[in-house]
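The values are calculated or read from the model by the stated rules, or taken from the named source; none is laboratory data. As the structure is a computational prediction, the values presented were derived from the model and not from experiment. So basically every Cβ, Gly included, is an ideal-geometry build from the backbone, and we count neighbours across all protein chains shown. Heavy atoms of the whole protein, side chains included, go into the accessibility calculation; ligands, DNA and RNA do not. Shrake-Rupley method; radii C 1.70, N 1.55, O 1.52, S 1.80 Å.
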Amino acid sequence: MGKHIRFPVVFSVQVQPSALNPIIIFTPPNSPTRFSNLHSSIRYKPNNNFTAPTPLLPFASPLRSPDMAEGGSGSPKRVVTPYDEAMDALSSLITKRSRADKSNKGDRFDLLFDYLKMLELDQAISEMKIIHVAGTKGKGSTCTFTESILRHCGFHTGLFTSPHLIDVRERFRLDGEDICEEKFLAYFWWCYDRLKEKTTEDIPMPTYFRFLALLAFKIFAAEQVDVAILEVGLGGTFDATNVVQTHVVCGISSLGYDHMEILGNTLGEIAGEKAGIFKNGVPAFTVPQPDEAMRVLEEKASKRDVPLQVAPPLDSNLLNGLKLGLEGEHQYINAGLAVALSSKWLQRTGHLEISYLEQTILLFNCMSVRDPQLLLPRLMKTCATHGVYFKKALFVPNISVYYKVGSHALPPTEPQVDLSWQFTLQRLWENLVQGDKGGEANNTDAVCEEVKDDTGSSVRTCKNSAVFPSLPLAIKWLRDSVYQNRSVRIQVLVTGSLHLVGDVLRLVK
């Protein structure tokens, strides 16, 4: 039998010398930490040669715990809570002390489909809008970033990850928060009792991780999440999360050597297992991978007609001085994958009808008493530091004039307007762009040309800019550009003159 050791005030643990090393957790007296929940993190059911740790409790005295009641003979007795009972039931599903067991190698994977039918989840899971992520490193971070992005877009999110640190409820997050104990217990017993009732000798109770995956599906279905984000537990092909027959998009994070006793001894073999989450014709993203791994991913994608793309790391300049919620340079790789997954999910579910390609246009004018050689360089530099780079600059005269108070109606456009000031602004802009690209801007007029629009008005256009004789013509050009290329989102910065801003507001109204 194991020897029971009690340390006053600090901790209590049972140790079997021939079994695992003792786990010593120190907590100061009167610590608010409730170690009664820590036993939910024990993953392996003890065998006959190992005495399991008792629930760890901070003692108020050397002999008594606040969570222990007095027994009939005066001996302390632990008070078992409903949550404790659920953890005991969950622990009963732990069949192996090693992850290299048959279930992780695909042993009777088909049982998962039987369990879905028993829980009446087969229809619900087919209707879920799922994002599925496998990988060696960074898959949990990628899932966390993805959930945060879509939650901040206003969607009701469900996130399933593993492992947990303290409480098993950490694995199930709704709208960024761990599922509450009340809901967890309700869904847990709903699943556990039905499986206990319907399983047989031929179809036994699911193992620990398989049950947790099934529980995640039940929670997300009952809570009617808009998007379910699933982190693969181990591998991909035979992981319990891969009972999903279709998803909206999937991702493969950075690959390396892990669980080689299950997944294989080479990066190619490991990549092949991770690629097991690919679904026929469903888009997939990955990050830059070692050549051996990338070749296998591409082969697997080709066989299943999967459009596979490599998501670039997130450009830190696009954060406008902010920092990622997770530290480390490698997180920019995970964040880039999360952005690609989120964007594709939005696009494929009809929430984003255009791609995430954006163009920014500058619409500018200023009074001739201003110095554009100060204004424009500072404007360009400031915007660049915030990740804004102008595709084109449009220069127009104002409609409003300083010497006359206008009405709500737009004043008529003058048939002949002096555009010499706008041409000056255009030349300066072209010089700035050329200099920013490291070139020399000599005789910029040579690269500009006069063109007629469909109204017969002349527009002077250069490589990076254009001068319009009136603001309505510039607005029309912008609208036509949107209609002609609906895959591009155009954002316009109107600045330089409050009169110009007011004129644009009146036009768009």
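Numbers below:
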{"item": "Selection count, segment 129-138, where residues are within 11 Å of Val232 (Cβ to Cβ) and crowded, with 24+ Cβ neighbours inside 10 Å", "result": "4"}
{"item": "Considering residues of segment 151-197 that are of a type in the set (A, V, I, L, M) and more than 24 Å from Leu119 (Cα to Cα) only, the residue most open to solvent (accessible area, probe 1.4 Å)", "result": "Leu165"}
{"item": "Some residue of segment 216-235 being under 21 Å from Leu159 (Cβ atoms), free of Cβ contacts under 8 Å to residues at least 60 places away in the same chain, under 22 Å from the mean Cα position of the chain (by Cα) and surrounded by 22 or more Cβ atoms within 10 Å (Cβ to Cβ)", "result": "yes"}
{"item": "Criterion (in contact with a helix residue (DSSP H, G or I) (Cβ under 8 Å, 6 or more places away or on another chain) and either assigned to a loop (DSSP other than H, G, I, E, B) or modelled with pLDDT of 90 or more (or both)) met by exactly one of Leu379, Leu394, Leu375", "result": "Leu394"}
{"item": "Close pairs (6 angstrom Cβ cut-off, 6 or more residues apart or separate chains): more than 22 Å from Pro313 (Cβ to Cβ) in segment 274-299, among the aromatic types (Phe, Trp, Tyr) and open to solvent by less than 20 Å² (accessible area, probe 1.4 Å) anywhere", "result": "none"}
{"item": "Matching residues in segment 107-128 - criterion: being open to solvent by less than 50 Å² (accessible area, probe 1.4 Å) and within 19 Å of Cys250 (Cβ to Cβ)", "result": "Phe109, Leu112, Ile125, Met128"}
{"item": "Meets criteria (of a type in the set (Ser, Thr, Tyr), outside any strand (DSSP E or B), under 20 Å from Leu362 (Cβ atoms) and modelled with pLDDT of 75 or more) for Ser481", "result": "yes"}
